[in-house]
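Inspection log for the structure reproduced underneath, given as structure tokens.
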Amino acid sequence: MRFTRLLASSPMALAAGVGQALSVADPWTGQSHWWLQILSLAWLAWQLAHHAERRMSWSASTWARPETGVPWRRALWLGWLFGLGWLAGTFWWLFISMHTYGGLNAALAVGAVAALAGLLALYYALAGAAFVRLAPGKMLGQSPAWSALLFAALWTLAELARGNWFTGFPWGAGGYAHVDGPLAFLPRYVGVYGTGLVAAALAALLALGGHVRWRSVRMQVTVVLALLIGSALWGWRYFDIEIDSVDVTEGKSGLVTEVALMQGNIPQDQKFIPGTGVADSLRWYGEQLQANRAPLIVTPETAVPLLPRQLPEGYWDALLARYSGEGQAALLGVPLGDMEAGYTNSVVGLKAGQAEPYRYNKHHLVPFGEFIPPFFKWFTRMMNIPLGDFERGAVGQPSFDWRGQRLAPNICYEDLFGEELAARFANPATAPTAFVNVSNIAWFGDSVAIDQHLHISRMRALEFERPMLRATNTGATAIIDHRGQVTHRLPRLTRGVLLGSFEGRTAITPFARWAAQAGLWPLWIFCGALVLLAALRRLSAR
């Protein structure tokens, strides 16, 4: 009895939430743990199912028992605690950027991280309360599949809301724990949120086993078999074999391209300081860009930390001349613009035969880092961080064509938003053959943020079955193949150039097809319809 009370306690809700954070990437190995994501979420589903059953014994007029509290309010509290532990445990490293590099008082920085996590956790609190109000109650044990679907739908709606509303901050979404494991075959069909939907349903089925009595063994065996089958599908999907003369590797571009990815490891507290970080960055990247002979060269975000007109005399012209001949191309991270037109965080593509250099402007800007949300200038004035006020680029900008490859840049955490990358697949004839992510997350030090971001890029590779080339300032600089596997990688927090090769792909995945046309609306509609049906059933049962 004491053990059961411990499992149902508020500290356990926080602990389960932290387990959810660790499932995306643990700070010791950097690996994801799909089983931990399902188990930690199963705890929440188990608690909510318990309160859904209690609800039915309450008076419809009072909805209260003084000695135990209202079930849906308890569910609201547990869902919020779970979300708080999960989200604070996921992006605690924001403390480093605000305190270590921004100079914000440590207590205020901790409070800011906790406030952000607590605010975003409200989505999951509301999802938990809604489940308790809408679940079938005493019928829970007789309709476990329906209850599991309802839980998964509410959970996914909370995930979608966090990832899209108020500019969106989906970092650490549960689906990212499944870049490896039995559910890794799903992203090509339903994306990261659809994968999270299936994982939530499986977690709920596991949890409901304790509420189904004699059916529990059968249910849990079914879940285990589903996971094993998924694992088998994942393994089979990527064996390069032929079956009945049908090549399952169809979709290769047939072009293998060699690439050099640069990692300057410029200290963040010096990166934008003239005479130190700026000079070091210009010197090292300038030397590498002039000397390296790889066919394709990629630098990190703002590797060139000044506007072209602010560079030392002849620096920019020398780069343009260097890549004006046949045989080589470069993608450079550099700020562009002026006071009149506005400034952009951009990638410039240099190659022979261009009237003007290729240009990609970042679309999804970082709140506080690249634009200041309304009413928050007082907060940013407390930090000593060079904040920008950038203009947004368009969604679905053209790719950089190079030797038959169509390279689609994205900058920093833009690769979190697969639905925006999907816009580039609206026309299969011009769809990217590979993605290129240029980042600088040195703001977050030597933290698990590096590993989390690597898994985010791996998820995009799984969704679109495209290689992802990552050039970063401090890590993880890597080449990810179309199966989401890291084939080449530089050690983090080192200076170097990663040499490797990749093969672009041309086949269009089901997720790319439907997300290019409809964004994430199919998931919104599917989950919303399930919740609406549950509400109608609840009303008819009264």
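The values are calculated or read from the model by the stated rules, or taken from the named source; none is laboratory data. As the structure is a computational prediction, the values presented were derived from the model and not from experiment. As a convention, Cβ positions derive from the backbone with ideal geometry for all residues, glycine included, and neighbour counts pool all protein chains shown. The area values use the complete protein model at the heavy-atom level, side chains included, leaving out ligands, DNA and RNA. Shrake-Rupley method; radii C 1.70, N 1.55, O 1.52, S 1.80 Å.
A few notes on this one:
- Restricted to helices (runs of 4 or more DSSP H) entirely inside segment 1-116, those with at least 2 residues that are modelled with pLDDT under 95 and among the aromatic types (Phe, Trp, Tyr) are 34-55, 71-90.
Residues checked against (1) under 24 Å from Gly168 (Cα atoms); (2) touching a Cys at 6+ places or on another chain (Cβ under 9 Å); (3) hydrophobic (A, V, I, L, M, F, W, C); (4) surrounded by fewer than 24 Cβ atoms within 10 Å (Cβ to Cβ):
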| site | (1), (2), (3), (4) |
| --- | --- |
| Ile411 | yes, no, yes, no |
| Thr430 | no, no, no, yes |
| Phe444 | yes, no, yes, yes |
| Met459 | yes, no, yes, no |
| Arg470 | yes, no, no, no |
| Arg483 | no, no, no, yes |
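- Residue within segment 360-373 that is at pLDDT 60 or above and surrounded by fewer than 17 Cβ atoms within 10 Å (Cβ to Cβ) present: yes
- Where Gly103 falls short, out of the listed (1) open to solvent by 40 Å² or more (accessible area, probe 1.4 Å); (2) touching a residue at least 24 places away in the same chain (Cβ under 8 Å); (3) within 23 Å of Gly519 (Cβ to Cβ): (3)
- Among (1) over 20 Å from Leu493 (Cβ atoms); (2) small (Gly, Ala, Ser); (3) surrounded by 18 or more Cβ atoms within 10 Å (Cβ to Cβ); (4) modelled with pLDDT of 85 or more, the one test that Ser281 misses: (1)
- Filtered residues of segment 179-206 (kept if assigned to a helix (DSSP H, G or I), closer than 16 Å to Thr509 by Cβ, in contact with a Leu (Cβ under 8 Å, 6 or more places away or on another chain) and in contact (Cβ under 8 Å) with a residue 24 or more places away in the chain): Pro187, Arg188, Val190, Gly191, Tyr193, Gly194
- Criterion (β-branched (Val, Ile, Thr) and either more than 16 Å from the chain's Cα centre (by Cα) or modelled with pLDDT under 95 (or both)) met by exactly one of Val192, Val132, Val179: Val132
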